[in-house]
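The block underneath contains the structure these notes are about, expressed in structure tokens.
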Amino acid sequence: QVQLVESGGGLVQPGGSLRLSCAASGSILKINGMGWYRQAPGKQREWVASITSGGSTIYADSVKGRFTISRDNAKNTVYLQMISLKPEDTAVYYCNAVIMMSVTTSWREHWGQGTQVTVSS
């Protein structure tokens with residue numbers, strides 16, 4: 001099995017910063033793309049940022065210039081550095097990874113359990 005475990009969420013004032021981490025563990029042969037999504041109360045889950053295995057990144061317009069996604073392939077970990085946080089960034093943040101568990105399995109999408117980020121004064 002594969003587990004994705006997020007950490008780093010919390011309460012921060014507007015304009016503040018947080019760094020989220022998501023570590024993948026278990027039966028992992030390869031990890032392809034990794035990313036972050038978020039879901040605010042009463043809203044659908046939305047995509048935030050993605051990073052390829054080679055390090056190419058892409059961001060939602062709402063976070064471009066404020067959030068930075070990165071990964072450490074040796075640690076099977078993806079990060080999301082968030083600066084200039086706004087109240088509208090308040091949400092549960094989920095990490096996502098496309099993982100191949102063995103040579104006999106296909107690529108599959110896996111999700112973390114989520115970490116709460118609250119931006120409030």
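The values are calculated or read from the model by the stated rules, or taken from the named source; none is laboratory data. The shown structure was predicted, so the numbers you read here are calculated from the model rather than taken from an experiment. Counting neighbours? That spans all protein chains shown, and the Cβs are built from the backbone with ideal geometry, glycine included. Protein only, heavy atoms only, side chains kept; ligands, DNA and RNA dropped before computing areas. Shrake-Rupley method; radii C 1.70, N 1.55, O 1.52, S 1.80 Å.
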Quiz item: Got a number for residues in segment 51-65 being open to solvent by 70 Å² or more (accessible area, probe 1.4 Å) and on the phi > 0 side of the Ramachandran plot?
Solution: 1
Quiz item: Of all residues in segment 6-16 being assigned to a strand (DSSP E or B) and open to solvent by less than 30 Å² (accessible area, probe 1.4 Å), which is farthest from Ser106 (Cα to Cα)?
Solution: Val12
Quiz item: Can you tell me how many residues in segment 66-121 are open to solvent by 40 Å² or more (accessible area, probe 1.4 Å) and on the phi > 0 side of the Ramachandran plot?
Solution: 2
Exercise. Please identify the pairs in which a residue from segment 86-104 that is more than 30 Å from Leu11 (Cα to Cα) and touching a residue at least 40 places away in the same chain (Cβ under 8 Å) has its Cβ atom under 8 Å from the Cβ atom of a residue that is hydroxyl-bearing (Ser, Thr, Tyr) and assigned to a loop (DSSP other than H, G, I, E, B), counting only partners at least 6 apart or on another chain.
Key: Met100/Ser106; Met101/Ser27; Ser102/Ser27
Quiz item: Among Arg38, Arg45, Arg19, which is within 15 Å of Tyr79 (Cα to Cα), basic (Lys, Arg) and open to solvent by 30 Å² or more (accessible area, probe 1.4 Å)?
Solution: Arg19
